[in-house]
Every structure is written in structure tokens, then in C-alpha cells.
Amino acid sequence: MSATTTNAIEITHDEAQVKRIWKAFWILLVLTIIELGLGLTIYNMDLGPNPNHVLILGIKGVICILTLAKAFYIISIFMHLGDEVRSFILTLGIPALIFIWFIFVFIYDGNSFRNLRNTDAGSRPYIEKVEQHPAPAMKAGEKN
Amino acid sequence: METALARSKTNLWSGGKSPFNVSYGKLMMWYFLMSDSFTFGAFLISYGSIRFSLNRWVDHNYVFNKFPFTEANLPLAFVSLMTFILIFSSVTMVLAVHEGHKMNRKGVEKWMLLTILGGLGFLSCQAWEWTHLLTHQHKVLVDGAIQYWATTTSHNPWGPEVIFNGELVRTPGPVAFGGYFFGITGFHGFHVFTGVIINTVMYIKTRLGHFQQRGHYEMIEKAGLYWHFVDLVWVFVFLCFYLI
């Protein structure tokens, strides 16, 4: 292979790499804009008289998935982890799996704590407090 | 071809070179970042756990709805600016790394400078946001009387709204909000701050020609890994505090 062809291959490789970086940037930008759009949708739904809480929860789930997609692009393209040896990727990826357990367990824990508090550890049914006008004022040091 | 591949695979673990095909420094930077992600993860999950344990949390669209130089109600606007700044500085960083592979000193200098400016821009935005939250006071109905509270680690004026003497005023919200918000964004901001310092050192070393003499720009890559990690964490902070 002559020197000029090697050079030409390097230049095309270089251009492809730069293209890949900018492509990742545009993907991140578009995903962020979609997230913002969904965030504003939630805001506007909350302004309405009877917001659909299931739908809002669904939109929040979509936002979480989009965030994971963003994280994937940052790690694999910007941090070049996608170009590393597979066994190395696994040494980072497998410990990170603990987050799956971590998130589920601690959110479940928080939720259970709320139920226990709302029902005095199951000894009474939960009665949702309806905002009164004027509401009973809270004391300075009181916690909700 | 196949035999060559098989041979290289066994050779990978027979000593003499890194089986992961990365240098010691880069490997350790990755493991440091992994441990750091557990720290951030623990903070964010603790926040989530507390948030789930309360009947009400604050509505972020009302807490973060201001933009500098205007009094308009603009939910999400300022934080999206911060996010765009950080994503953009991540791109300039990866382009600096790319120029480093090509041993192009001028290119590395240009993109590193832009990355540092992006980092400083982000920190300035955060300084403004914190100042706004910590100094801007709101009417709160406490103990049957009106008080003026700013958003701090001990005071949260973002509870539910009630009518008091014919006008809408807020009641105290969960105290945990300030601690989590300032704690986590502060810890992230500190990472951005150290990232800017590291990038500045790398910029100076590039200008002095240290990496050109060394024959490679691997230090730029390691600083880049740290910088992208800061961006990665922001993606999750943005999600947990401003979007959901």
C-alpha cells in the first residue's frame, strides 16, 4: 500500500470519527429538547383542574428512559467505552447492575415508610388530608 | 484471519501487556469514576427514598421558574440553558481528545479553551441559581402568621398554597428538600469546579508542549473521561430535581 492511500484512509477515518461525535451531540440535544417538552407538558397538565396522574407518571417514565438513552450515548461515544475490549466493559458494567436492585429497594422502602406513617403502622385506615381554606397552620419546627 | 484472532485472544492474557488494552492511568480513571458514580447514586437514591416516604414534595416547576434579568414565569428555561452549556462543553472536550490523537497541538488548545469556558459558564449559572434561591424570599404562613422565607437547608417555603386573609400564600414544605438540592447540586458543582481546574492544568501543559514532547495526549483523554462523567451525572441530577 502506498503512503498516499494510507493517508487517505486515515483522513476518511478521521472524518468518520468527527461525524460520529457530532451525531452523538445532536442526538443528546434532541433527546434533551424532547425531555423539556415532556416536562412542560406535565407542567401544563398540572395547571388544569383534574390532572391525570397515571398519564403524568407515564410521561415521567418516558423521561427516565430518555435519560438512560442519553447516559448510554455519553458513555459509549463521548467516553469511548464502546470502543474498549469487551471484558473491560464488563468489569464496569456488572458492578453497575447493583443500581437496579438499589433503586427498586430504596424506593419501595420509602413508599412503605410513607404507608406506615399514614396508617400508624397499619392500625388505622389512611384518610387523605384535603386542603382546607385556611389550612391549619403548621408550627415552626414541625416536620411533614 | 481466524487463527490470528484466536492467537491474539490467548496472548491477551498471557502477560506482557494490558489484557484490557488500556493504559494503567485510564483503567484507574474508569474505576475511580465507577466508585464516584456509586457516591452520586447513593445520594440520589437517598433523595428518592425520602421523597417517596412523604405525602407531598415541592413542585419543581414553581421553585425553578426564574431566569436572570426577568421576572417572567419560565419553568425549566434556566436549567435547560445550563444543560445545553454542559452538553456543549462535553462535545468540545471530546473534540480536544480527538485532536490529541492526531497530535495537533493547536486543535487541542482551541477545544480545551472552549471546554474550560463552558465549565465556567455552567458554574456561573449555578452561582446565580443558588443566590436566587437563597436570597429570594417568599410569603409563608407559619403558625397562623405570615413570615418571609428563602429556600435554604433549614427552610422550605414551597408547601401547598392556602388562602389567608383573602390571598394565596404557601405553607412550609418538607425541610429535606433544601438539604438534598443544595447537597447534591453542590457536590456536582464541586466536581465541575475541580474539572475546570484539571482542564486548566491540561490546557497549560498543552501550551507548554509537554504532551507533544511526551509523544501522546493521553492526559487529555483522562481529563476528558472525568469531564464527561460530570456531564453524565448532571443528566441524572437534571432528571431527579428538575424533570420528575
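The values are calculated or read from the model by the stated rules, or taken from the named source; none is laboratory data. Computed from a predicted structure; not experimentally measured. Quick reminder, even Gly has a Cβ in these numbers, built from the backbone with ideal geometry, and neighbours come from all protein chains shown.
B:F193: aromatic (F, W, Y), under 15 Å from the mean Cα position of the chain (by Cα) and surrounded by fewer than 21 Cβ atoms within 10 Å (Cβ to Cβ), yes or no?
On the way: aromatic (F, W, Y): yes; under 15 Å from the mean Cα position of the chain (by Cα): yes; surrounded by fewer than 21 Cβ atoms within 10 Å (Cβ to Cβ): yes.
Yes; evaluated as a whole, the condition is true for this residue.
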query = Quick one: in the stretch B:47-67, which of the residues that are facing chain A (nearest Cβ under 9 Å) and of a type in the set (K, R) is farthest from the chain's Cα centre (by Cα)?
reply = B:R56
request  = Of the conditions (1) surrounded by fewer than 16 Cβ atoms within 10 Å (Cβ to Cβ); (2) within 14 Å of B:D231 (Cα to Cα); (3) among the hydrophobic types (A, V, I, L, M, F, W, C), B:V79 clears all except one; give me its number.
outcome  = (1)
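A quick yes/no check of all residues on (1) modelled with pLDDT of 95 or more; (2) surrounded by 12 or more Cβ atoms within 10 Å (Cβ to Cβ); (3) within 28 Å of B:S80 (Cβ to Cβ):
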site: A:H13; (1), (2), (3): no, no, no
site: A:A24; (1), (2), (3): no, yes, yes
site: A:L47; (1), (2), (3): no, no, yes
site: A:N52; (1), (2), (3): no, no, yes
site: A:M79; (1), (2), (3): no, yes, yes
site: A:V85; (1), (2), (3): no, yes, no
site: A:F99; (1), (2), (3): no, yes, yes
site: A:R114; (1), (2), (3): no, yes, no
ask   = If you take the residues in the stretch B:222-244 that are β-branched (V, I, T) and in a helix (DSSP H, G or I), which one is nearest to the other protein chains (Cβ to nearest Cβ)?
value = B:V235
message = For the stretch A:56-78, which positions are without any contact (Cβ under 8 Å) to a residue 40 or more places away in the chain, of a type outside the set (A, V, I, L, M, F, W, C) and under 16 Å from B:F236 (Cα atoms)?
response = A:K60, A:G61, A:T67
inquiry  = Restricting to the stretch B:151-165, name every residue that is surrounded by 14 or more Cβ atoms within 10 Å (Cβ to Cβ) and under 32 Å from the mean Cα position of the chain (by Cα).
reply    = B:T151, B:T152, B:T153, B:H155, B:N156, B:P157, B:W158, B:G159, B:P160, B:E161
query = Would it be correct to say that B:L117 is within 27 Å of A:I89 (Cα to Cα), assigned to a helix (DSSP H, G or I) and without any contact (Cβ under 8 Å) to a residue 40 or more places away in the chain?
reply = no
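Out of the residues in the stretch B:127-150 that are in a strand (DSSP E or B) and of a type in the set (V, I, T), state the one that is nearest to the chain's Cα centre (by Cα). Step through it out loud before you land on a result.
Keep residues of the stretch B:127-150 that are in a strand (DSSP E or B), which gives B:138-142, B:145-149.
Now drop any that are not of a type in the set (V, I, T), which leaves B:140, B:142, B:146.
Numbers: B:V140: 31, B:V142: 35, B:I146: 36 Å.
Applying the filter and picking the extreme gives B:V140.
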task = Provide a single number: the residues in the stretch A:70-106 that are over 27 Å from A:I33 (Cα atoms), outside any helix (DSSP H, G or I) and at the interface with chain B (Cβ under 7 Å from one of its Cβ atoms).
result = 2
remark   = Given the conditions (1) closer than 29 Å to B:V175 by Cβ; (2) out of contact with any Lys or Arg (no Cβ under 7 Å at 6 or more places or on another chain), every one holds for B:S53 apart from (2)
message = What are the pairs with Cβ atoms under 8 angstrom where one residue, in the stretch A:107-125, is farther than 26 Å from B:A42 by Cβ and the other, located anywhere, is in a loop (DSSP other than H, G, I, E, B) and of a type in the set (A, V, I, L, M, F, W, C)? Sequence gap at least six, or different chains.
response = none
inquiry  = Please verify whether B:T92 is more than 9 Å from every other protein chain (Cβ to nearest Cβ), at pLDDT 95 or above, out of contact with any Gly (no Cβ under 9 Å at 6 or more places or on another chain) and assigned to a helix (DSSP H, G or I), treating the condition exactly as stated.
reply    = no
inquiry  = Where the second residue is surrounded by 16 or more Cβ atoms within 10 Å (Cβ to Cβ) and among the aliphatic types (A, V, I, L, M) and the first is more than 10 Å from every other protein chain (Cβ to nearest Cβ) and over 16 Å from B:S53 (Cα atoms) and lies in the stretch B:166-182, which pairs have Cβ atoms under 7 Å and are six or more apart or on separate chains?
reply    = B:R170/B:V140
